1. Could you please state, rounded to a whole Å, how far the C-alpha centre of the stretch A:189-215 is from the C-alpha centre of the stretch B:159-199?
2. For chain B, modelled as a Gaussian network with Cα springs under 10 Å, which listed residue fluctuates most, B:D205, B:D213, B:D181?
3. Every other copy gets compared here: list the nm distances from the A:Q197 label point (7 Å along Cα to Cβ) to its counterparts, shortest first, one decimal.
4. When ligands, DNA and RNA are left out and all protein chains stay put, how many square angstrom of accessible area per residue does the protein assembly as shown have with a 1.4 Å probe?
5. By accessible area of protein heavy atoms, probe 1.4 Å, what ranking do B:E220, A:E235 get, highest first?
6. Tell me the accessible surface of A:F7 in square angstrom (1.4 angstrom probe, heavy atoms of protein chains only), to the nearest ten.
7. If the viscosity is 0.692 mPa s and the temperature 37 °C, what Stokes-Einstein diffusion coefficient in µm²/s follows for the stretch B:68-119 when Rh is the Kirkwood radius over Cα pairs?
8. Dimensions of the protein assembly as shown along principal axes (Cα, Å, largest first)?
There are 2 protein chains.
Amino acid sequence: MATSKIFQHGTLGLLVPGLYDGTITAGELLTHGDTGIGTLDGLNGEVIILDGHAYQAREDGQVREIDATETLPFASVHFEAPQHTAKLQQLNQAAFQQQVQADYQLTNVFAAVRVDGLFKHIKTRVAPHQVKPYQSLVAATAKQPEFEGTNVQGTIIGYFAPHLFQGATVGGFHLHFLSADHQLGGHLLDFEIDQAQLKVQNFADFQVHLPIDNADYLTEKFDNATIDAAINQAER
Amino acid sequence: MATSKIFQHGTLGLLVPGLYDGTITAGELLTHGDTGIGTLDGLNGEVIILDGHAYQAREDGQVREIDATETLPFASVHFEAPQHTAKLQQLNQAAFQQQVQADYQLTNVFAAVRVDGLFKHIKTRVAPHQVKPYQSLVAATAKQPEFEGTNVQGTIIGYFAPHLFQGATVGGFHLHFLSADHQLGGHLLDFEIDQAQLKVQNFADFQVHLPIDNADYLTEKFDNATIDAAINQAER
């Protein structure tokens with residue numbers, strides 16, 4: 001089933017004060033897309049969804065497939081159907097992001113970005129599992145394990161969102177990584193492409209699904225400026 | 001066809017620098033909902049959609065039904081299926097908004113609000129039709145015709161949105177009005193309820209549909225702080 005939209009459960013904003021309880025099952029999430037990113041209940045690691053399978057990069061460096069019954073507080077998914085493909089080589093993260101945003105005129109458009117290939121260098125971080133009472137996102141992610149690899153085969157998957165939607169999601173690029181051998185994954189901090197194939201999928205539609213049956217969500221007093229600053233600190 | 005989502009074409013943010021060209025037909029919009037609000041191509045008046053019919057409140061005070069081929073730069077619609085109804089009496093706008101937000105725990109939830117009944121007082125304004133080159137929203141709405149009525153039968157229709165989505169839409173309440181005799185309509189500036197029935201419909205999903213084939217939209221350099229300030233000035 002192909003759709004031309006991004007389906008997002010929750011907001012980045014709800015993670016900021018520490019609403020880490022999972023409010024959608026992985027099974028339900030995968031009915032809305034076969035590709036995407038997110039985090040698990042308790043901010044437990046980084047989620048990478050490829051070809052209909054959801055994986056967790058854990059803070060101990062392990063990668064495992066997620067069961068359909070596990071829950072997530074935040075995730076974005078879509079059904080993969082890229083309009084654009086291109087060959088990339090010898091590009092670092094800054095050059096990659098600048099080139100992709102410009103070449104596909106993404107500035108005011110939602111898009112999925114997937115890069116499969118060989119990476120000279122990969123650096124990720126993984127959010128550590130939180131227990132209640134939950135700390136804020138900035139406090140919870142102040143110390144995170146980082147992982148690095150060189151000459152890694154793997155896949156970058158993530159999104160570009162217009163900055164107007166910062167808070168609802170991450171404005172700009174939000175990219176996760178999973179190596180082909182499942183030995184390295186997480187939220188991308190830095191990368192350098194050796195040889196890879198780029199896929200870009202533009203979306204006219206962005207659908208946000210909110211956890212309106214969750215009492216903590218309903219009563220939280222969110223502040224837009226706090227959310228904006230926290231995303232810039234914790235998700236870049 | 002009932003859905004549990006709000007479908008919004010465009011963003012409030014794109015109106016701020018003056019992107020007033022219509023980018024969806026009224027006919028297509030009505031396939032996504034039978035109830036809602038918006039504005040027409042050229043910021044031409046205030047749109048009120050009730051029971052599958054779309055009306056324009058014009059700057060000259062007239063109200064007319066919109067043809068399916070007319071276009072809109074911004075509109076929000078849904079299929080009406082309220083979960084809550086209540087009788088209201090003797091309430092001004094401030095008390096109404098406070099009561100509805102509190103009673104239905106709307107702060108972090110998207111909701112449609114409809115009020116049918118008798119109003120002691122109604123005050124609306126109507127955005128004046130703009131011609132190119134378009135001025136900004138704040139400039140275009142600096143001088144707007146206002147309309148008032150007393151002891152008016154009619155309908156308030158609009159939305160409540162979480163403040164996190166200010167920019168994408170109006171954070172808080174955004175309400176339009178249409179009198180039963182179609183002699184008075186527009187964006188609500190003030191009202192006082194005599195006797196009326198309230199309908200509230202919560203949504204788990206908010207779907208934004210962006211005009212990604214519109215060259216002006218793709219190349220506009222939006223600024224979140226400017227958009228936030230302009231919405232607070234022009235849409236309250």
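The values are calculated or read from the model by the stated rules, or taken from the named source; none is laboratory data. Just so you know, these numbers come straight off a predicted model, no measurement behind them. Because the Cβ atoms are built from the backbone with ideal geometry, glycine has one as well, and the counts that use them run over all protein chains shown. Side chains included, ligands, DNA and RNA excluded: accessible areas come from the protein's heavy atoms. Shrake-Rupley method; radii C 1.70, N 1.55, O 1.52, S 1.80 Å.
1. Their Cα centres are 34 Å away from one another.
2. Of B:D205, B:D213, B:D181, the Gaussian network model singles out B:D213 as fluctuating most.
3. 5.9
4. Working: 18100 Å² over 472 residues.
That works out to 38 Å² for each residue.
5. The ranking, largest first, comes out as B:E220, A:E235.
6. Accessible area of A:F7: about 10 Å².
7. Numbers: Rh = 13.6 Å.
Here the translational diffusion coefficient equals 242 µm²/s.
8. Largest to smallest, the principal-axis extents are 74, 48, 37 Å.
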